[in-house]
Amino acid sequence: MTHSEISYHRLVSQKLYKTDKCSPQEIVHHFGAMQAQDYAMAKWAIGSRCDASEKEIEEDINSGKIIRTHILRPTWHFVSPDDIYWMLDIAGPQVKRMTISGAKKFGYDAKKLEKTNNSIEKLLSGNNHLTRDEIMQELGIKKTSKEDFLSAAIMMHAEQDGLVCNGRMNGKKITYALLEERVEKPKIQLSKEEALAKLALRYFESHGPATLVDFSWWSGFPPTICAKTIDAIKLQLELIEIENQNYYFVNQNIEKINFKKSIHFLPAFDEILISYKTREASFLTDHQTKVFTNNGIFKPIILEDGKVIGIWKRTFKKDHAKIETEFFNETENSKKQILFEGIKSFEKYLGTKVMIE
């Protein structure tokens with residue numbers, strides 16, 4: 001296998017080459033955790049891998065069939081209700097060190113954060129879903145740019161404690177709800193080793209072929225811990241070596257798949273890029289600055305056969321959505337006609353006409 005062939009394997013593992021039908025919940029469960037900081041784009045990350053509309057995905061998120069919370073690195077992620085508790089058990093402690101450190105700058109130590117959690121629990125009890133501003137107002141914390149960092153640390157700490165997660169959307173505003181009122185706590189708790197092994201296997205199933213460094217980047221765990229975890233599940237993984245680098249994956253029977261030419265409009269921060277430390281399998285380094293910025297802002301991408309060939313942006317008009325494209329090479333402009341095939345699923349997802357410019 002070569003770097004160029006890796007992209008085909010990832011199309012399968014990442015559910016972009018659709019070999020079977022999946023629901024939005026099944027997509028999220030498959031990935032373990034899907035980056036979701038840009039909420040509108042994150043919904044399309046799910047939609048691009050199944051036949052659900054944006055409205056249907058939003059309903060799953062509002063109903064708690066898909067959970068959105070801070071976890072892993074940490075950033076916003078979509079997580080399956082089946083996975084949220086064991087993931088918090090292993091990732092929460094390391095993220096809480098960050099939240100406590102951030103809150104201390106505002107006079108909030110671990111003890112004060114625990115007291116604040118108790119107040120938040122009372123506010124949200126009885127399926128009372130509130131925005132962060134509403135919660136801070138009840139806590140007596142003023143809304144200023146300085147205090148905004150404190151409110152973020154407080155809510156992220158409450159998430160890591162398994163106290164809160166996303167609630168129902170209030171228009172375009174994000175709300176918080178009590179996690180236990182949305183997802184019942186499991187009766188059996190995994191050991192740290194079991195949970196790490198489960199996380200690693202899920203990662204290589206949904207992202208492989210990938211390296212130890214990729215898994216460390218995605219999970220937020222140090223390479224030493226990741227190496228031990230991979231060693232514990234090595235019998236369940238396939239291994240290939242490319243340029244003295246080990247790539248792990250779960251056998252996908254890719255030889256049986258009849259690959260056809262594929263075009264994908266993918267969102268900003270999509271797992272096809274964000275979940276790997278190195279990304280040479282997806283695009284040429286010459287184009288890196290066009291795909292993501294030095295401060296980690298990823299653009300929406302156009303993917304052809306697993307390779308990034310351009311970027312796009314959308315604008316909503318009165319009766320349609322407008323897509324503007326920018327290709328890396330002049331020769332790619334001739335492929336605009338092919339894009340109309342690739343845009344059909346996006347049109348169905350949005351439930352409105354889409355025009356490409």
Amide proton proximity set for Thr175, modelled H, under 5 Å, gap of 5+ | Gly167, Asn170
Rounded to whole Hz and in sequence order, give me ³J(HN,Hα) for the stretch 100-105 from the Karplus expression 6.51 cos²θ - 1.76 cosθ + 1.60, θ = phi - 60°, writing x for Gly and Pro.
-> 5, 4, x, 5, 4, 5
Relative to the present Cα-Cα distance, how much length would full extension add between Gln189 and Glu5 at 0.36 nm per residue of separation?
-> 62.3 nm
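Not counting the cut sites, what is the longest span of the chain without chymotrypsin sites (Phe, Trp or Tyr not before Pro) that DSSP labels loop and that have at most 16 other Cβ atoms within 10 Å? Can you show the working numbers first?
Values: sites that count: Phe106, Phe259.
That would be 107-258.
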Could you point to the residue in Met87, Val213, Ser119 farthest towards the positive end of the chain's charge dipole, with +1 and -1 charges on the Cβ of Lys/Arg and Asp/Glu respectively?
-> Ser119
Picking from Gly92, Gly64, Gly140, which is most flexible by a Gaussian network model of the chain using Cα springs under 10 Å?
-> Gly140
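Set the Förster radius R0 to 30 Å, insert the Cβ-Cβ distance between Ser125 and Ala227 as r into 1/(1 + (r/R0)^6), and round the FRET efficiency to 0.05.
Numbers: r = 43 Å, r/R0 = 1.43.
The formula returns an efficiency of 0.10 here.
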Measuring from its Cα centre, the stretch 17-181 shows a charge dipole (+1 at each Lys and Arg Cβ, -1 at each Asp and Glu Cβ) which, in debye to the nearest 20, is 720 debye
Under-5 Å amide H pairs with Tyr17, H placed in peptide plane, nonlocal only | Val12
Helix 110-124 versus the longest principal axis of the chain: what angle, 0 to 90°, nearest 10, using Cα atoms?
-> 80 degrees
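Only sites in a loop by DSSP and with at most 11 other Cβ atoms within 10 Å count here; which GluC sites (Glu not before Pro) in the stretch 167-214 make the cut?
Values: sites: Glu180, Glu181, Glu184, Glu193, Glu194, Glu205; in loops: Glu184.
Answer by residue number: Glu184.
Just to confirm, what accessible area per residue do you get for the chain at 1.4 Å probe, in whole Å²?
Heavy-atom accessible area per residue stands at 49 Å².
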Length gained when the stretch Lys55-Glu138 is fully extended (0.36 nm per residue, less Cα-Cα span) | 26.7 nm
May I have the pair-distance distribution P(r) for the stretch 17-181, computed from all Cα-Cα distances with 10 Å bins from 0 and rounded to whole percent?
-> 10, 39, 34, 13, 3, 0
Taking the Cα atoms only, what angle lies between the long axis of helix 54-63 and the longest principal axis of the chain, rounded to 10 degrees?
-> 30 degrees
Magnitude of the Cβ-charge dipole (Lys and Arg +1, Asp and Glu -1) of the chain about the Cα centre, nearest 20 debye, reported as 860 debye
Could you pull out every residue, at least 5 positions away or on a different chain, whose amide H is within less than 5 Å of the one on Asp51? Hs are placed 1.01 Å off N in the peptide plane, and Pro or chain starts have none.
-> Cys22
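May I ask for the net charge around Ala321, where only other residues with Cβ less than 9 Å from the Cβ of Ala321 are counted and Lys, Arg are +1 while Asp, Glu are -1?
Numbers: positive: Arg314, Lys317, Lys322, Lys353; negative: Glu347.
With Lys, Arg at +1 and Asp, Glu at -1, the neighbours total +3.
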Identify all aspartates and glutamates with a Cα-Cα distance to Lys234 below 19 Å; exclude those on the same chain that are fewer than 8 residues away in sequence.
-> Glu193, Glu194, Glu205, Asp214
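The values are calculated or read from the model by the stated rules, or taken from the named source; none is laboratory data. Just so it is clear, the model here is predicted, and its values are computed rather than measured. For neighbour counting, all protein chains shown are included, and Cβ atoms are generated from backbone atoms with ideal geometry for every residue, glycine included. Areas reflect the complete protein model, heavy atoms only, side chains present, ligands, DNA and RNA absent. Shrake-Rupley method; radii C 1.70, N 1.55, O 1.52, S 1.80 Å.
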